[in-house]
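Q: This structure is in structure tokens; I'll ask about it shortly.
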Amino acid sequence: MSKSKVPTGTDVARLARVSKSAVSRAYNGGYVAPEVRERIFEAARKLRYRPSNAARALSTNRSNLIGLAITALDNQFYPELVDRLNDRLSLDGYRCVLFETRGEAGLEPVLDELLGFRLDGVIMASTSFATRVASECEDAGVPVIMLNNVDLTAQVGGVSADNRHGGEAVAQHFQSLGITRTAVINGLAESSASVERTAFFRDAMLRAGLPEPIVACGKYDFETTARVTAELLRLPDRPTGIFCVTDLMALSCLQAVVGCGLVPGEDVAVAGFDNVPIAAWPAFDLTTYAVPVPEIVETAWQRLISAIRGSEVPKEVLRVQGELVIRSSTVGRADRD
């Protein structure tokens, strides 16, 4: 065989002195006598043969590939989510195929990319058309579960952080500090996480008899958040507490506060949501609601793999409770120390 030629199953069968179907069964979980299986794998090692995942998917109707759709990796919450999910999938013999939707302006590009693969299941963590894409995947016979950004109409099952608990925890923390003038910097209108966190924070402040928070849109974007933070801080009666619905925006907000000559935790309290790893860095020391990523990933995967094995994904959204981590961005470094 030429060194430039990629070895095939036929080459392995010839060297192992077995049929091509025996090679296929050995790699696809069918029955092959132990001594024959060892001969096949030894021949494959000598030839440096690697079975085609596409061919295996055609013969078994399983690719062992799970699609994960996210908006973008510049949100520090998602790299941790991807790592955790990839590790968890590998324990059951699956691999993750990552799709960055990048806020696509239309539905078709996202669908074409997702459904162009022979995926065994899809996890939707993107804010872009997430519910509609999930419904189309289900109609195509591909099990779907929504993660973090969920379907508030309960048409597609999902797993999320407990946004009520988180929004209320931040509001109660601000109240305990005597903060009455507050603002929320939210994300996108189609993001359930943004909608819920904003609403629950607002409702908790109003129930306490405090003024309604100012709401500004940061669009989940670092530069936009910095700009709207500066605008908030230029108001005659500027807020003394700002809740950002993600840590990505909270980190930008902190930078903008400092840029305006103010001290986070003393002049303005800033809180986020997610507890991404860099939130604990001394340069930021961000108060934030810690999302229990391992538990969310495990719960979502158990639901999805059950669907892959024939069960139906429950339509309701399961909320997983986290906890508020208090750092100096709200209480000041002197009080923290």
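Q: Quick check on I179: is it more than 19 Å from L304 (Cα to Cα) and of a type in the set (A, V, I, L, M)? I'd like the intermediate steps shown before the answer.
A: Numbers: more than 19 Å from L304 (Cα to Cα): yes; of a type in the set (A, V, I, L, M): yes.
It is true that I179 is more than 19 Å from L304 (Cα to Cα) and of a type in the set (A, V, I, L, M).
Q: Applying the selection to segment 168-207, what residues are open to solvent by less than 10 Å² (accessible area, probe 1.4 Å) and at pLDDT below 95?
A: Of everything in segment 168-207, those that are open to solvent by less than 10 Å² (accessible area, probe 1.4 Å) and at pLDDT below 95 turn out to be G187, S191, S192, A193, S194.
Q: Condition first: closer than 23 Å to I66 by Cα and small (G, A, S). Now tell me which residues in segment 133-171 satisfy that.
A: A134, S135, A140, G141, A154, G157, G158, S160, A161
Q: Looking for whichever is more than 18 Å from D285 (Cα to Cα), under 25 Å from the mean Cα position of the chain (by Cα) and of a type outside the set (F, W, Y) here; the options are C253, C217, C244, C260. Which one fits?
A: Step by step, each of C253, C217, C244, C260 is checked, and only C217 is more than 18 Å from D285 (Cα to Cα), under 25 Å from the mean Cα position of the chain (by Cα) and of a type outside the set (F, W, Y).
Q: While we're here: Go through P294, P282, P277 for me and flag whichever is open to solvent by 10 Å² or more (accessible area, probe 1.4 Å), out of contact with any strand residue (DSSP E or B) (no Cβ under 7 Å at 6 or more places or on another chain) and without any contact (Cβ under 8 Å) to a residue 24 or more places away in the chain.
A: P282
Q: Only residues that are out of contact with any Phe, Trp or Tyr (no Cβ under 7 Å at 6 or more places or on another chain), open to solvent by 30 Å² or more (accessible area, probe 1.4 Å), touching a residue at least 60 places away in the same chain (Cβ under 8 Å) and not in a loop (DSSP other than H, G, I, E, B): list them for segment 128-167, please.
A: H165
Q: Specify the residue that is farthest from A161 (Cα to Cα); the eligible residues are those in segment 267-276 that are in contact with an Asp or Glu (Cβ under 9 Å, 6 or more places away or on another chain) and not in a strand (DSSP E or B).
A: Residues of segment 267-276 that are in contact with an Asp or Glu (Cβ under 9 Å, 6 or more places away or on another chain), as a first pass: 272-276.
So of that shortlist, the ones also not in a strand (DSSP E or B) come out as 275-276.
Numbers: N275: 12, V276: 14 Å.
For segment 267-276, the residue satisfying everything is V276.
Q: Would you mention how many residues in segment 14-34 are touching a helix residue (DSSP H, G or I) at 6+ places or on another chain (Cβ under 7 Å), assigned to a helix (DSSP H, G or I) and open to solvent by 30 Å² or more (accessible area, probe 1.4 Å)?
A: 5
Q: Going by the conditions given, is V257 on the phi < 0 side of the Ramachandran plot, in contact (Cβ under 8 Å) with a residue 60 or more places away in the chain and of a type in the set (V, I, T)?
A: So V257 fails the test.
Q: Something else now. Hey, does segment 229-239 have a residue that's surrounded by 15 or more Cβ atoms within 10 Å (Cβ to Cβ), within 26 Å of T71 (Cα to Cα), at pLDDT 95 or above and not aromatic (F, W, Y)?
A: We begin by selecting, within segment 229-239, every residue surrounded by 15 or more Cβ atoms within 10 Å (Cβ to Cβ); these are 229, 232-233, 238-239.
From the residues that got through so far, the ones that are within 26 Å of T71 (Cα to Cα) too are 229.
Remaining after also requiring at pLDDT 95 or above: 229.
Filter once more, so that each one left must be not aromatic (F, W, Y): 229.
Looking through segment 229-239, at least one residue is surrounded by 15 or more Cβ atoms within 10 Å (Cβ to Cβ), within 26 Å of T71 (Cα to Cα), at pLDDT 95 or above and not aromatic (F, W, Y).
Q: Same structure again: Kindly check whether there is at least one residue in segment 41-49 that is within 26 Å of F117 (Cα to Cα), at pLDDT below 75 and aromatic (F, W, Y).
A: No, because not a single residue in segment 41-49 is within 26 Å of F117 (Cα to Cα), at pLDDT below 75 and aromatic (F, W, Y).
Q: Still on this structure: Determine, yes or no, whether S329 is outside any strand (DSSP E or B), under 27 Å from I66 (Cβ atoms) and not aliphatic (A, V, I, L, M). Before the answer, list the steps.
A: Values: outside any strand (DSSP E or B): yes; under 27 Å from I66 (Cβ atoms): no; not aliphatic (A, V, I, L, M): yes.
For S329, the condition - outside any strand (DSSP E or B), under 27 Å from I66 (Cβ atoms) and not aliphatic (A, V, I, L, M) - is not met.
The values are calculated or read from the model by the stated rules, or taken from the named source; none is laboratory data. This is a predicted model, so every value here is computed, not measured. Ideal geometry is used to build each Cβ from the backbone, glycine not excepted, and the neighbour counts take in all protein chains shown. All accessible areas refer to the heavy atoms of the entire protein, side chains included, with ligands and DNA or RNA removed. Shrake-Rupley method; radii C 1.70, N 1.55, O 1.52, S 1.80 Å.
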